[in-house]
1. Which value, in debye to the nearest 20, describes the size of the charge dipole of the stretch A:1-111 about its Cα centre when Lys and Arg Cβ atoms bear +1, Asp and Glu Cβ atoms bear -1, and nothing else is charged?
2. May I ask which residue of B:G499, B:L406, B:Y136 lies farthest towards the positive end of the charge dipole of chain B, with charges of +1 (Lys, Arg) and -1 (Asp, Glu) on Cβ and the Cα centre as origin?
3. Does anyone have the angle between helix A:62-75 and the longest principal axis of chain A? Alpha-carbon axes, 0 to 90°, nearest 10?
4. Can you list residues from other chains, or at least 5 along the same chain, whose modelled amide H is less than 5 Å from the amide H of B:I452?
5. Name the long-range amide H neighbours of B:E157: under 5 Å, sequence gap of 5 or more, or other chain; modelled H, no Pro or chain starts.
6. Under 1.5 on a/c is rounded, so check that first for chain A, then, if it is not, pick prolate when a/b is larger than b/c and oblate when it is not; a ≥ b ≥ c are the square roots of the alpha carbon gyration tensor eigenvalues.
7. With +1 on the Cβ of every Lys and Arg and -1 on the Cβ of every Asp and Glu, and nothing else charged, how large is the dipole of the protein assembly as shown about its Cα centre, in debye rounded to the nearest 20?
8. Going through the stretch B:78-154, which trypsin sites (Lys or Arg not before Pro) have at most 14 other Cβ atoms within 10 Å and a DSSP loop state?
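All of the numbers you see were taken from the coordinates with simple rules; none came from a lab. Keep in mind it's a predicted model, so treat the numbers as computed, not measured. Backbone-built Cβ (ideal geometry, glycine too); neighbour counts: all protein chains shown.
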Amino acid sequence: MTQILVRYCTLFILTLLVLAIISFSLAYLFPGDVLENLTGLVPQNEIQRAALEKQFKLDQSYVHQFFYYVSNLLTGDWGYSFTSGLPLRDEVGIAMPATIELATYAMLMALFIGIPMGYYAGIRCYSTSDYLINSASITIYSFPVFWFALLLILVFSLQMDVAPLSGRISLLYNIEPVSGFILLDILFADIENKSLALKDALSHLALPTFAIGAIATASMARITRRSVIDVRHRPYIAAAISRGLSSWQIFFRHILRNALLPILPLMAIQITTLITNAMIVETLFSWPGIGNWLIQAIYQRDYPALRIGMMAVSTLVITLTILVDLFNRVIDPSREKYERAAV
Amino acid sequence: MSYGLVKRLSLYLCTALVVASCAKQNKQAFYNTGIIYCSESNPVTFNPQLDTSSTTSDASSHQLYDRLLDFDPETGRIVPSLASSWLVTNDGLTYAFQLRKDVWFHSTDYFTPTRNFNADDVLFSIDRWRLTSHPYHYISGGRYPYFESIGLAQNIESVERVNGYRVEITLKRRDSSFLANLATDFAVILSEEYASQLSQAGSPSKIDELPVGTGPFKFESYRKDHFIKYRRHEDYWRLSLSSEDSENASEQTNTEITKEPENASTPASSSFQSNGGEYSAVEQLIFDITPRSSLRLAKLMTGECDATAFPAQTELEVIRAKEDLILAEKPGLNIGFWAFNTQRPPFNNPDVRRALAAAIDKNTLLEAVYFDSAIRAKTLLPAASWAFQNDADDTAYNPVLARKLLADAGIEPGFSMTIWAMPVERAYNPNATKMAELIQRYLRDVGVEATIVSYDWATFRRHLREGLHDSVLIGWSADNGDPDNFYRPLLSCGAIPSGTNRAMWCNPDYDKLINDALKTDDIEARKAIYRQVNRLLYERLPLVPIAHAYRYQAYRSELEGLTINPFGGVRFGGVEKTL
């Protein structure tokens, strides 16, 4: 186990190092001034410029510069945004949790709807209800998320007027960001209309969560269904049937847990898709998350923000992937012992 | 199990939507406590003295500040604000303002006023842009574009404090548009006490970032590209001003005016408050910064915004079709026109200019370019101006006359000229290129070949200033209701070098008339002079007035008391929300 942990940690650190190299070289690859791209600070005069260059070790070799850059990254000194002039760490700190929140709820939706649906379809495979679920999930799965979200806005916001179409909560509420998760923040917040605020936040959450969640649910249902069908054809199920167990007993004792094992590694792949989808849907719903923030940065050529945004998003994805992979290792000892770690 | 699963499934699926619809249906009183306005962009600063863009004045002028005087949005007359009354001496050079007592500045996290508004604040606010030696003059850049463009600082001899609530301003030259300039969005009153606290703390530039004013709302927070939040100013002077008081105030104004017959023209009106004397403000005002116009409209439709800025011309029909949305429209203080370069032959001949004017059909231009979101212009002045002349002469579409006049002036068929079309969209001309193409067709009918010229905006204006054009399609937006704000910059001799006189037209009679108009305070006398001016312009026709574009504001029917302010930024003081 220790060996595995060490292996994963090395992999994690090496990947981050490569990312850091890429993000550092972006400061040179982006058009414009290296110092400005790197820090987000625009020196007013030559004296200031010289001082900043000295501070960021731009007068020394690339290696020195890079190590100073990495130490800054680690201490949380990520530079400033061109457009807002605020520290990028604060900006990412506000935007990132918003995206994670959206992705989490969508993931929960996929877990609590997709997996049961998949089990049901798998058990009833090749029946009418299975065909129904299967075709529905294929249809939803093949929707482009962008288009699906637009459709939801058109129907539920503009025509039926049951859900708002932008933001996380009505701006009338003053919610201090503590955790960055809006629902938690409302619970922690010291405001009068807590239940009203919760309702408002939930109505804001409904459409974007549904847009991302529906697609994740569909793919989750399909994965589960396949896995259940596979398990059902295993010899130990035939043995259980011949022992005279009822179908309920077979389901709870044999199918449920065994079908779950192959699903988990596939979930790791889902997480990446989920976050990408969340970033796309954010821009449509003006959700103040990292995707929306990066798009703004692109429009406004905010190079320091792009550099850090890329770094932050990829770090998040890598961390999650490695964690899920590690988790799989822990719960599934049947996997080959000396298999190498992989991202 | 299987049945239960299906049940659970449908339950989950529905939950989200049910929650959403619940929140919508039980709209509670809480939502009435605040107004959300979808604005189009970030303000440059929170001090409108420093910037003339409408985004800045929308976000600051009428929300955070008050001026000494205000324009009545209905009549365009000047009404008392922080100055409860004023006197002008017979020579028209000295203005004495009596200030309102018991007016309090905002008390916020960063500033708590210890005294109420008095003459020192007026002196500070005016001296800041007027005197280059003022300690605050160069804070935040030191440019005061509005006051620079009208040269007001040069015309003020002195601003003096008579006593705590009386200020006297002396001018060098008579200027009957002076009061109007003090009522513009840019002439806001800042807090002197706040400024001195800030200089002691060594952070004077905060005065424009964390604003303090006397307006109906106080600044709470601002996040770029996201929102600006304001809270109600609990001690706002108009809140305590009952309808009785306001009558008294205006009576007082009237009596002072009658004492001074010379000043009878200074208009005073008690009908300032839009909702019948009782002044109220919502608890919260929020500017939701939404640059995309389609998203602003969508938010308005779903009720996430209560009002929105600048609906696009193509969206107007959608707004009109919705029952719960109101599209308010008013002719704006602007003019789109076709100016001839009167220094180039043959355009120096008024007959040629008249011929070309008669060759075009203005009504078609209005339909095709403005989608009927403008009214036909006869003179330079739009109807919102008090000097608007309803019966002014207008050119008419008459190609036969045009051909005859051209022939008489010795212009051969096939004569070629250029039409310069401005490359940017403005309310007064949303599509100059399209208009130029239409005019091109009309001119071909009378035997004139026109070529359309366009450059990027900066080059375009530079070449115009150099006078390289034959004719140009451009326009003008004014900042106050005074007619001088149209006549002087557009056609006076002095405006040729500064580049606003696109016709390069210099006529001594015209300059004399508009100068005379400023020497009197009698509105009727001024109107009579401007009638002569209009007549002169109709005869000489240095430019063809085409349209005054409407100003639009879209808002939900729940809002009460929101009126379009043709003289500048949006006002949310006095606006209420009912569901």
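1. Details: 5 positive and 9 negative charges, 75 e Å.
Approximately 360 debye in magnitude.
2. B:L406
3. 60
4. When sequence neighbours closer than 5 places are left aside, the close amide H contacts are B:I419.
5. Amide H neighbours of B:E157: B:T170, B:L171, B:K172.
6. Values: a/c = 2.65, a/b = 1.54, b/c = 1.72.
Since a/c reaches 1.5 but b/c is at least a/b, the shape of chain A is classed as oblate.
7. Values: 83 positive and 96 negative charges, 829 e Å.
Using Cβ point charges on Lys, Arg, Asp and Glu, the protein assembly as shown gives about 3980 debye.
8. Details: sites: B:R100, B:K101, B:R115, B:R128, B:R130, B:R143; in loops: B:R100, B:K101, B:R115, B:R143.
Here the trypsin sites (Lys or Arg not before Pro) that fit, given the DSSP loop and packing criteria, are B:K101, B:R115, B:R143.
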